[in-house]
Number of protein chains: 2
Amino acid sequence: MKETEISTLGEFGLIDQLTKNFTVKNESTLHGVGDDCAVLDYGGDKLTLVTTDLLLEGIHFDLRYVPLKHLGYKAVVVNLSDIYAMNGTPKQITVSLGISKRFTVEHIAELYEGIQAACEHYNVDLVGGDTSASVTGLLISVTAMGEGKKDEVVMRSGAHDTDLVCVSGDLGAAYMGLQLLERERKVAEELHDEHFQPDFSGREYLLERQLKPEARRDVIAEMKSLGISPTAMMDVSDGLSSELLHICKASGVGCRVYEDRIPIDYQTAITAEEMNMNLVTAAMNGGEDYELLFTVPLAQLGLVEQMKTARLIGRITQPELGVRLVTRDDSELEIRAQGWNAFSE
Amino acid sequence: MKETEISTLGEFGLIDQLTKNFTVKNESTLHGVGDDCAVLDYGGDKLTLVTTDLLLEGIHFDLRYVPLKHLGYKAVVVNLSDIYAMNGTPKQITVSLGISKRFTVEHIAELYEGIQAACEHYNVDLVGGDTSASVTGLLISVTAMGEGKKDEVVMRSGAHDTDLVCVSGDLGAAYMGLQLLERERKVAEELHDEHFQPDFSGREYLLERQLKPEARRDVIAEMKSLGISPTAMMDVSDGLSSELLHICKASGVGCRVYEDRIPIDYQTAITAEEMNMNLVTAAMNGGEDYELLFTVPLAQLGLVEQMKTARLIGRITQPELGVRLVTRDDSELEIRAQGWNAFSE
């Protein structure tokens, strides 16, 4: 039997290969694999949106610096972000846990405090799950369901030539937060001091972006109030580069994104300089931003310029023009996905 | 901080404690935690059913004797069984995988062959998932969605005094299949013979029940064709004892189940005798049967007697009468849940 290492395909290559022979058999399945959510039509005037994310200890999180309450909150939020990215409203979640022997009831209660806080904040109901012992570590599998009006659900595939490319908030902060946490953990280990208290003053924003991200419900609300109708949308979880490639591939278009338009927070910039890291790489490929990347018809330029939660970073082009970053010195760089890949670690 | 071992609460106790403070916030959430599925109302004339199950290597399956293709099939089927147990029709699944380094693309393709076979057989669409590296072992998290007509969805809570208690197929076979597989694995290990071929002839049914269970779509279809309307229903995954207690608790009733009515296959009986195990215990507490346990109004006794896929095993009583097994010698034993508990291993 042939033996192919999974890292040679990566996550998306593996999924493509495994799911290519599956055919859709039910009328209610409008869109299956390949977007932020599956889109289901169960009758009525609203569509059902479904998304699922897996968080594994030692792969996605490190309990040496992630508090369990924050982890519970984040596990929910990353799923809700996918529902908002379809222009939908999240309504329910299920939470499955695998729990190894080193966790007590009190630990899991702390995790659930975070899950509950996210449910309260986003007005979402916990409706089910499965709980089991695990051989090693903690694992969290969350599925979120939501609804979207039939004529309002936004896929990755709707971008057209001349559309504007926009992104909410700022990028790279969660990634720099992770670098900070990793650095301080190493310092603590080298000092062999259990009570070492790292000093993160002035960098609180970066930590919050890493440990307690929010889903951009406010961006969806602002677009609605301004009358902006996005043509394609997704959330930035693997990094802007990776997501631009997804939208361009799904929509059959190219794009130009301008380096000097990429939104970056001051704390992100000074931390990258201090740590001797490339700032644009951190912003484009860091990931875990949970911002919304979306495209808007050119005719809505005036409305986009009024947005407080998002900004224009580029434009959609014909596919032959490729997916490129226009640098500050006006040269063009081909954008390649360098987003996080769990299989290459 | 107080430290309570999770095994002191068990799975159901833990879930009760963790979810007791969650309140339902959305109109679309008809029923949350506490049944085979959550029941959601997204408008239209049909309800949406959602269920999720986690399968972990070393806890729920042992790849030394479970072929990956069978595992994929079973991971889907155990979820579809929960949808049928609500009197619904499964429509979509999502599949999330955590995969450690010892697995190749070819291994995962084999797992997906089983997932695809189940999707084909049950007319279900794969619509999403998440795939990640894991530190150790394989984990599979499946969520299934389905639909049920508003006046046809059956909860655990609808059983009434004088209702008939019925169960489909036979019980204890999957458990005896597991005992056989475990025994042969130990023989192989003691012989230090990699090529040892266990002889399972005459016991194929037990292995099939363990390795490739089916969801009882046919039982639902037979009830429909006979005009039987179950009042409460669930699938037998943890064992008949455990499920009877769930139905009686949720419905606020008691029951009498008759030992001599418990359906047991001949292979199950002779294997239990050969292995010196208590047959009734295996049938009542073995679990993984994926049969349907349901209650039916007394007035439908004539219809129930016509069923080929299920049989009458007892009756519902007033709650004061308890949940009891009437033995062959006419004594009554209190039924206690001795179903499988992942946290007590």
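The values are calculated or read from the model by the stated rules, or taken from the named source; none is laboratory data. All of these numbers come straight from a predicted model, not from anything done at the bench. Quick reminder, even Gly has a Cβ in these numbers, built from the backbone with ideal geometry, and neighbours come from all protein chains shown.
Descriptive notes on the structure:
- Restricting attention to segment A:207-246, the residues that are surrounded by fewer than 23 Cβ atoms within 10 Å (Cβ to Cβ), out of contact with any Lys or Arg (no Cβ under 8 Å at 6 or more places or on another chain) and within 20 Å of A:V124 (Cβ to Cβ) add up to 6.
- None of A:G58, A:G43 is in contact with a Gly (Cβ under 9 Å, 6 or more places away or on another chain) and over 25 Å from A:D235 (Cα atoms) except A:G43.
- Once segment A:83-107 is narrowed to residues that are touching a residue at least 40 places away in the same chain (Cβ under 8 Å) and in a helix (DSSP H, G or I), the residue that is nearest to the other protein chains (Cβ to nearest Cβ) is A:I83.
- Any hit, segment A:79-91, residues being outside the structural domain of A:Q179 (by TED's automatic domain parsing) and farther than 27 Å from A:G148 by Cα: no
- Residue list for segment A:264-286, filter: outside any helix (DSSP H, G or I) and surrounded by fewer than 24 Cβ atoms within 10 Å (Cβ to Cβ): A:I264, A:D265, A:M275, A:N276, A:M277, A:N278
- For segment A:316-336, a tally of residues being in contact (Cβ under 8 Å) with a residue 12 or more places away in the chain and part of a loop (DSSP other than H, G, I, E, B) returns 6.
- If the condition is being more than 16 Å from A:L244 (Cβ to Cβ) and crowded, with 24+ Cβ neighbours inside 10 Å, then segment A:155-173 contributes only A:A173.
- Any hit, segment A:195-206, residues being within 13 Å of A:T271 (Cα to Cα) and either at pLDDT below 85 or surrounded by 24 or more Cβ atoms within 10 Å (Cβ to Cβ) (or both): yes
- Sole residue being out of contact with any strand residue (DSSP E or B) (no Cβ under 8 Å at 6 or more places or on another chain), more than 27 Å from B:S7 (Cβ to Cβ) and modelled with pLDDT of 95 or more, chosen from A:E110, A:E27, A:E120: A:E120
- Filtering segment B:123-146 to residues that are surrounded by fewer than 24 Cβ atoms within 10 Å (Cβ to Cβ) and within 25 Å of A:V95 (Cα to Cα) leaves B:D125, B:D130, B:T131, B:S132, B:A133, B:V135, B:T136, B:G137, B:L138.
- Number of residues in segment A:108-122 that are surrounded by fewer than 20 Cβ atoms within 10 Å (Cβ to Cβ) and within 7 Å of chain B (Cβ to nearest Cβ): the value is 1.
- Within segment A:30-52, none of the residues are assigned to a helix (DSSP H, G or I) and either at pLDDT 95 or above or surrounded by 24 or more Cβ atoms within 10 Å (Cβ to Cβ) (or both).
- Pairs linking a residue in segment A:23-47 that is assigned by TED's automatic domain parsing to the domain that holds A:A85 to a residue that is at pLDDT below 90 and among the aromatic types (F, W, Y), with Cβ atoms under 8 Å and 6 or more positions apart or on different chains, are A:S28/A:Y42; A:Y42/B:Y42; A:G44/B:Y42; A:K46/B:Y42.
- Odd one out for B:E57 among (1) surrounded by fewer than 23 Cβ atoms within 10 Å (Cβ to Cβ); (2) at pLDDT 95 or above; (3) more than 9 Å from chain A (Cβ to nearest Cβ): (3)
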